[in-house]
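Trainee: To start, I am sharing the structure in question, which I have written as structure tokens.
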Amino acid sequence: QVQLVESGGGLVQPGGSLRLSCAASGSIFSMNAMGWYRQAPGKERELVAGITSRGDLNYADSVKGRFTISRDNTKNTVYLQMNSLKLEDTAVYYCKADYWDYVVKGQFVRWGQGTQVTVSS
């Protein structure tokens with residue numbers, strides 16, 4: 001069984017910063033792409049940022065230049081550094097991991113439980 005545990009959400013004022021972490025554990029043989037998504041009330045879940053196992057990056061246009069995704073492959077952990085936060089960044093943030101499970105011998109995608117980020121003055 002593989003689990004993703006997220007941390008780092010909270011309440012921050014506009015212009016502030018937060019750093020999200022997502023640690024994957026369990027029967028992971030290899031970790032492929034990891035990413036962060038968010039879902040605001042009444043809206044669909046959207047990609048915020050993604051990072052491949054090689055380190056290739058992609059960002060939503062709305063966060064380019066403000067957010068930075070990174071990963072520590074030794075810890076199967078992905079991070080999201082969020083700077084210059086805006087009111088419209090308020091959402092539940094979810095991490096996503098694409099991995100090979102050595103117990104069931106297959107490729108799977110798993111989501112974290114979500115962490116709330118609220119930007120408010």
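The values are calculated or read from the model by the stated rules, or taken from the named source; none is laboratory data. This one's a predicted model, so the numbers in the text were calculated from it and none came from an experiment. Every residue, glycine as well, gets a Cβ built from its backbone with ideal geometry; the counts of neighbours run over all protein chains shown. The area values use the complete protein model at the heavy-atom level, side chains included, leaving out ligands, DNA and RNA. Shrake-Rupley method; radii C 1.70, N 1.55, O 1.52, S 1.80 Å.
Trainee: Of all residues in segment 86-101, how many are surrounded by fewer than 18 Cβ atoms within 10 Å (Cβ to Cβ) and among the aromatic types (F, W, Y)?
Mentor: 1
Trainee: In segment 34-59, what residues are within 19 Å of Q116 (Cβ to Cβ) and either open to solvent by 20 Å² or more (accessible area, probe 1.4 Å) or out of contact with any strand residue (DSSP E or B) (no Cβ under 6 Å at 6 or more places or on another chain) (or both)?
Mentor: Hits for segment 34-59 are Y37, Q39, A40, P41, G42, K43, E44, R45, E46, L47.
Trainee: Return the residue satisfying two criteria in turn: it lies in segment 25-78 and is among the aliphatic types (A, V, I, L, M) and at pLDDT below 95, and of such residues it is nearest to A91 (Cα to Cα).
Mentor: M31
Trainee: Can you find a residue that is in contact (Cβ under 8 Å) with a residue 60 or more places away in the chain and outside any strand (DSSP E or B) anywhere in segment 61-83?
Mentor: Yes, segment 61-83 contains a residue that is in contact (Cβ under 8 Å) with a residue 60 or more places away in the chain and outside any strand (DSSP E or B).
Trainee: Keeping to segment 49-75, report how many residues are touching a helix residue (DSSP H, G or I) at 6+ places or on another chain (Cβ under 8 Å) and among the hydrophobic types (A, V, I, L, M, F, W, C).
Mentor: Final tally of qualifying residues: 2.
Trainee: Within segment 2-18, is there a residue that is in a loop (DSSP other than H, G, I, E, B), touching a residue at least 60 places away in the same chain (Cβ under 8 Å) and touching a Gly at 6+ places or on another chain (Cβ under 6 Å)?
Mentor: Yes, there is a match, as at least one residue in segment 2-18 is in a loop (DSSP other than H, G, I, E, B), touching a residue at least 60 places away in the same chain (Cβ under 8 Å) and touching a Gly at 6+ places or on another chain (Cβ under 6 Å).
Trainee: Looking at (1) under 17 Å from E6 (Cβ atoms); (2) open to solvent by less than 20 Å² (accessible area, probe 1.4 Å), find the lone condition where S27 falls short.
Mentor: S27 satisfies all of (1) under 17 Å from E6 (Cβ atoms); (2) open to solvent by less than 20 Å² (accessible area, probe 1.4 Å) except (1).
Trainee: For a quick check of your reading of the model, give me the residue pairs whose first member lies in segment 20-48 and is among the polar types (S, T, N, Q), whose second is surrounded by 14 or more Cβ atoms within 10 Å (Cβ to Cβ) and outside any strand (DSSP E or B), with beta-carbon atoms closer than 6 Å and at least 6 apart or on different chains.
Mentor: S21/G8; N32/S53; Q39/R45
Trainee: Further question on the same structure: For segment 84-121, name all the residues that are in a strand (DSSP E or B) and in contact with a helix residue (DSSP H, G or I) (Cβ under 8 Å, 6 or more places away or on another chain).
Mentor: V117, V119
Trainee: Answer yes or no: is there a residue in segment 102-121 that is buried (at least 18 other Cβ atoms within 10 Å of the Cβ), under 15 Å from M31 (Cα atoms) and touching a Lys or Arg at 6+ places or on another chain (Cβ under 7 Å).
Mentor: Taking every residue of segment 102-121 in turn, none turns out to be buried (at least 18 other Cβ atoms within 10 Å of the Cβ), under 15 Å from M31 (Cα atoms) and touching a Lys or Arg at 6+ places or on another chain (Cβ under 7 Å).
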